[in-house]
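The values are calculated or read from the model by the stated rules, or taken from the named source; none is laboratory data. Nothing here was measured: the structure is a model prediction, and the numbers come from that model. Positions of Cβ are backbone-derived with ideal geometry, glycine not excepted, and every protein chain shown enters the neighbour counts. When the accessible area is computed, the model is the full protein with side chains, heavy atoms only, and any ligands, DNA or RNA have been set aside. Shrake-Rupley method; radii C 1.70, N 1.55, O 1.52, S 1.80 Å.
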Amino acid sequence: MSVKPLNLLQRPRRLRRTEKLRQMVRETTLSVDDLIYPMFVMEGEGQKVEIASMPGCYRYSLDLLLKEIAEVSSLGINAIALFPVIPEHKKDDTGTESYNPEGLVQQTVKAIKQVVSDIVVITDVALDPFTTHGHDGLVDEQGTILNDPTVEVLVKMALSQAAAGADFVAPSDMMDGRIGAIRQALDAEGYINVGILAYSAKYASAYYGPFRDALDSAPKFGDKKTYQMDAANAREAIKEVELDIAEGADIVMVKPALAYLDIIQQIRIATQLPVAAYNVSGEYAMIKAAAQMGWIDEKKVILESLTSMKRAGADLILTYFAKDVALIKKYEV
């Protein structure tokens, strides 16, 4: 039985016929320029310790971290986000080590700027790596997270990081008013060119588990739901972004990314500022685990996942896959 061809004026498949055609009409392009590489630094020398729940990611002592940064910079990665592994004996209930001018973060930033001066260094502003209880804020005797006293400590922390040479400080704590307080303090101390990458819509997510393993920063009691956002809320994210912009944020961010692509898209529509997305540790670990089992093509899933974040509206992506993508882009034909 013969079938009469349809008289179609529009045949979308014409533009999919060859790879060159597909490249010509591609709407979204993922570039190494879009990526920020989160990296973990620890005390000691000659140390490179793989994170069990994040295969391919490591805690580095400063000497080896500097070598790794030089390598990723040579691959075209323009920015790193720095996270410290603080030994237990330097933690306390109020996170005083966080603003120690000779602390691990501060020494690391200074060293990076001496070795790879042009790479953009983004430092985390939150207390959970520095507190014995693992929360992002100060805690009273009833276990309540104290907002305003925490902001005072965060300001000290941000100023110490700026003094060390950080290009951006990135408050990830979700305390109310901290962006404005940090911006005012930075300006008052002459750090007018230090930017703020605000974790504006950071959700109380189950996707953070491997990251907390990496820093040994899981809360020792309770959870973070009184300050991080409810995963069911979208309008609240717009409110948080608007507040952070009004307080002086230079870049706003959604965290996590894959389960919150709708939030990225809504924020992209709501602001003209750069929008970042954090491809978090749990998202990374799931891809790595499935790839190790042979269930997925790791390279293709990495690129597809990150491209989805760009397509949703992210200008920048913090991702543990940054080096992988840089290598893929370097050698792809």
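Check region 10-27 and report whether any residue there is modelled with pLDDT under 95, closer than 30 Å to L197 by Cα and open to solvent by 30 Å² or more (accessible area, probe 1.4 Å). Taking every residue of region 10-27 in turn, at least one turns out to be modelled with pLDDT under 95, closer than 30 Å to L197 by Cα and open to solvent by 30 Å² or more (accessible area, probe 1.4 Å). Answer yes or no: is there a residue in region 62-75 that is over 23 Å from S305 (Cα atoms), hydrophobic (A, V, I, L, M, F, W, C) and buried (at least 22 other Cβ atoms within 10 Å of the Cβ). Looking through region 62-75, at least one residue is over 23 Å from S305 (Cα atoms), hydrophobic (A, V, I, L, M, F, W, C) and buried (at least 22 other Cβ atoms within 10 Å of the Cβ). Looking at A270, A231, just one residue is in contact with a strand residue (DSSP E or B) (Cβ under 7 Å, 6 or more places away or on another chain), open to solvent by 40 Å² or more (accessible area, probe 1.4 Å) and in contact (Cβ under 8 Å) with a residue 24 or more places away in the chain, and that residue is A231. Could you tell me whether region 113-127 includes any residue that is part of a loop (DSSP other than H, G, I, E, B) and surrounded by 24 or more Cβ atoms within 10 Å (Cβ to Cβ)? Yes.
With respect to (1) at pLDDT 95 or above; (2) touching a Ser or Thr at 6+ places or on another chain (Cβ under 9 Å), the lone exception for K67 is condition (2). Has region 137-150 got at least one residue that is of a type in the set (G, A, S) and either without any contact (Cβ under 8 Å) to a residue 60 or more places away in the chain or open to solvent by less than 10 Å² (accessible area, probe 1.4 Å) (or both)? Looking for residues that are of a type in the set (G, A, S) and either without any contact (Cβ under 8 Å) to a residue 60 or more places away in the chain or open to solvent by less than 10 Å² (accessible area, probe 1.4 Å) (or both), one finds at least one in region 137-150, hence yes.
Pull up region 89-104, narrow it to residues that are open to solvent by 50 Å² or more (accessible area, probe 1.4 Å), part of a helix (DSSP H, G or I) and without any contact (Cβ under 8 Å) to a residue 60 or more places away in the chain, then point me to the one that is nearest to D136 (Cα to Cα).
The residue in question is T96.
Across region 128-143, what is the total count of residues that are under 17 Å from D213 (Cβ atoms) and of a type in the set (G, A, S)? Residues meeting the conditions: 1.
How many residues, within region 279-320, are in contact (Cβ under 8 Å) with a residue 60 or more places away in the chain and either surrounded by 18 or more Cβ atoms within 10 Å (Cβ to Cβ) or more than 24 Å from R59 (Cβ to Cβ) (or both)? The number of residues fulfilling the criteria is 19. Scanning region 164-203 for residues that are part of a loop (DSSP other than H, G, I, E, B), in contact with a helix residue (DSSP H, G or I) (Cβ under 7 Å, 6 or more places away or on another chain) and either crowded, with 23+ Cβ neighbours inside 10 Å or small (G, A, S) (or both) turns up G165, A166, D173, M175, G177, V194.
Against the list (1) of a type in the set (D, E, K, R); (2) assigned to a helix (DSSP H, G or I); (3) in contact with a Phe, Trp or Tyr (Cβ under 8 Å, 6 or more places away or on another chain), the condition E236 fails is (3).
For region 42-57, does any single residue satisfy the condition of being hydrophobic (A, V, I, L, M, F, W, C), touching a Gly at 6+ places or on another chain (Cβ under 8 Å) and open to solvent by 10 Å² or more (accessible area, probe 1.4 Å)?
Step one: of region 42-57, the residues hydrophobic (A, V, I, L, M, F, W, C) are 42, 49, 51-52, 54, 57.
Then keep just the ones that are touching a Gly at 6+ places or on another chain (Cβ under 8 Å); that gives none.
The answer is no, given that none of the residues of region 42-57 is hydrophobic (A, V, I, L, M, F, W, C), touching a Gly at 6+ places or on another chain (Cβ under 8 Å) and open to solvent by 10 Å² or more (accessible area, probe 1.4 Å).
List pairs: first in region 177-196 and at positive phi, second acidic (D, E), Cβ under 9 Å, 6+ apart or cross-chain? Once the first residue is at positive phi and sits in region 177-196, its partners that are acidic (D, E) give G177/D148; G177/E247.
Let's see how each residue does on (1) of a type outside the set (A, V, I, L, M, F, W, C); (2) part of a loop (DSSP other than H, G, I, E, B):
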{"position": "R13", "(1), (2)": "yes, no"}
{"position": "R26", "(1), (2)": "yes, yes"}
{"position": "V49", "(1), (2)": "no, no"}
{"position": "I69", "(1), (2)": "no, no"}
{"position": "S73", "(1), (2)": "yes, no"}
{"position": "Q106", "(1), (2)": "yes, no"}
